[in-house]
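The values are calculated or read from the model by the stated rules, or taken from the named source; none is laboratory data. Bear in mind that the values here come from a model prediction, so they are computed numbers and not experimental data. A quick note on method: Cβ atoms are made from the backbone with ideal geometry, for glycine too, and the neighbour counts reach across all protein chains shown.
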Amino acid sequence: MLILLSAAAVVRGEEPLSSEGLQKKYPVNVNKNQRPKSFAASWPRWSVHSNLLGFVQFGPVVTAEYNITRQLAFGAHARFPSVGALTPVLHHAGAENGGRPDKISGIAFGGGPLLFFKLRRDLAYIGLTGEYEMSDVLYLEDYVNEWRQDNRKVIAMVNGGYRFLFAHKLIPASPRKRDTFFREGLFMNAGFYAGAERNQFQRIYTDPEADGSDVSPREGTTIKPFGMIELSVGLKF
């Protein structure tokens, strides 16, 4: 028996009949700062991204998202229609009323829920987006019949696409913390917005006496389709 105990101690590197070697070592005190973090229960809560392709459409879009769960997020955004290359097309008034507008100012803001689906190393998404736009459009600037149109638009759209997550790609890169943060948080959205707008407009002439020959309505409501292509670059953290 003594030989068996000695052999077991040699193999385990312990003294025979020692109670200390049979006990596991645990920290005496454990506080909340020493508790191991569960990666399964944590994920990036915020994302920000910008659709720069809006510069050649109906205005760039800047979006902030809060991730309620891994699959569900709620986004809020702002769009700047006055710097969109195609925005004047939406406000073309016809040759008899001045054609293309001379000046456009305004802003649109909105938001909605977004649902994500895991596809291999990336994500597919679909959501609903509501938007409210306020814009002021000026026609025939410096002419005697100069006029402007105030627009108040309510836009409803479906937003869908694909989110490329660069953090899941095996790309050799710098191990510095700042570089790692950007590399792990960087993503790109490729998708679309498709829906319709309801515009409540009002026309106002600079010179009230210059509009005698214009029989078009001074105010009213129009409904038109609305959509954009999305190509956004963003960061999650």
Worksheet item: Among the residues of region 173-200, which ones are modelled with pLDDT of 95 or more and among the acidic types (Asp, Glu)?
Response: Glu197
Discussion item. Kindly evaluate Ser82 against the criterion of being closer than 20 Å to Glu141 by Cα, in a strand (DSSP E or B) and among the polar types (S, T, N, Q).
Written reply: no
Discussion item. Pairs needed: first member in region 57-86, closer than 19 Å to Lys236 by Cα and without any contact (Cβ under 8 Å) to a residue 60 or more places away in the chain; second member anywhere, outside any loop (DSSP other than H, G, I, E, B) and of a type in the set (S, T, N, Q); C-beta distance under 6 Å; at least 6 residues apart or different chains.
Written reply: Val62/Ser50; Glu65/Ser47; Ala73/Asn67; Gly75/Thr63; His77/Thr63
Worksheet entry | Looking only at region 112-138, and only at residues there that are small (Gly, Ala, Ser) and touching a residue at least 40 places away in the same chain (Cβ under 8 Å), the one that is surrounded by the fewest Cβ atoms within 10 Å (Cβ to Cβ) | Gly112
Item to complete: Could you grab me the full set of residues in region 90-99 that are surrounded by fewer than 12 Cβ atoms within 10 Å (Cβ to Cβ) and either modelled with pLDDT of 90 or more or in a loop (DSSP other than H, G, I, E, B) (or both)?
Response: Gly94
Worksheet item: Is it the case that Arg203 is buried (at least 17 other Cβ atoms within 10 Å of the Cβ) and either modelled with pLDDT of 90 or more or part of a strand (DSSP E or B) (or both)?
Response: yes
